[in-house]
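Visitor: One structure follows; several queries about it will come next.
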Amino acid sequence: MTVKIEAYDHLPETARAIREQVFIRERDWRPEFDEWDAVAVHLLAFDGNRTVATCRFYADPDHSDQPGRYVIARLAVLPDAQGRGIGSQLLADAERRIAHSGGTIAAVHSENDHYKFYERRGYQLTDELYDDGRHGWLIKALI
């Protein structure tokens, strides 16, 4: 299945709505919106005319020891669109755009129940773990 993916230099309302549903209502994650939304590139995945997934990415200012490192964050797929490869396509698109911009490392912060999703796509868990290992950083070289 192929979806159409578009990039935005601001947080679109449809991305906000998806993140509210997936992160706030389903996972009770707060605060969901932060200062990175203002500087990130936001991706939306469309299945036909319907927006079904989103994520954002930005240059990582906290790892100056790793030039070219970007953070891919807030990857969310609507529940009725999950299991169809849309998240994988969105992640691959973000990686492609980062590499095209000169980025060499993609980093994601994830809950441990999603580590396998990223590991199957070439990410490696780092030693940066939080909340007794329930959250951690995974990285992937893009070159």
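Visitor: For the range 88-99, just list the computed ³J(HN,Hα) in residue order, Karplus coefficients 6.51, -1.76 and 1.60, θ = phi - 60°, integers in Hz, with x standing in for Gly and Pro.
Guide: Per-residue couplings from phi come out as 5, 5, 5, 4, 4, 5, 4, 4, 4, 5, 5, 4 Hz.
Visitor: Specify whether the C-alpha gyration tensor of the range 35-100 places it in the rounded, prolate or oblate class, a ≥ b ≥ c being the square roots of the eigenvalues: rounded for a/c under 1.5, otherwise prolate if a/b is larger than b/c and oblate if not.
Guide: prolate
Visitor: Please state, as a whole number in µm²/s, the translational diffusion coefficient that the Stokes-Einstein equation yields for the chain at 10 °C and 1.306 mPa s, with Rh defined as the Kirkwood radius across alpha carbon pairs.
Guide: Result for D is 103 µm²/s.
Visitor: Also, I was wondering about something else. For the chain, what proportion of DSSP beta bridges, expressed in % and rounded to the nearest 5, is antiparallel?
Guide: Around 90 percent antiparallel, to the nearest 5.
Visitor: For an R0 of 30 angstrom, estimate the FRET efficiency from the Cβ-Cβ distance between ARG134 and SER88 and round to the nearest 0.05. Write down the numbers at each step before the final one.
Guide: Working: r = 23 Å, r/R0 = 0.77.
After rounding to 0.05, the efficiency reads 0.85.
Visitor: Leaving ligands, DNA and RNA out of it, report the carbon-plus-sulfur percent of the accessible area of the chain at a 1.4 Å probe.
Guide: 50
Visitor: Then there's this: In whole angstrom, note down how far apart the Cα centers of the range 113-142 and the range 51-77 are.
Guide: Here the answer is 13 Å between Cα centres.
Visitor: Can you compute 3J(HN,Hα) from phi for each residue in the range 41-52, using the Karplus curve 6.51 cos²θ - 1.76 cosθ + 1.60 with θ = phi - 60°, rounded to whole Hz and x for Gly and Pro?
Guide: Each residue's phi maps through the Karplus curve to give 8, 9, 10, 10, 9, 10, 10, x, 9, 9, 7, 10 Hz.
The values are calculated or read from the model by the stated rules, or taken from the named source; none is laboratory data. Being a predicted model, the structure only gives us computed values, none of them experimental. For neighbour counting, all protein chains shown are included, and Cβ atoms are generated from backbone atoms with ideal geometry for every residue, glycine included. Ligands, DNA and RNA are excluded from the accessible area calculation, which covers all protein heavy atoms including side chains. Shrake-Rupley method; radii C 1.70, N 1.55, O 1.52, S 1.80 Å.
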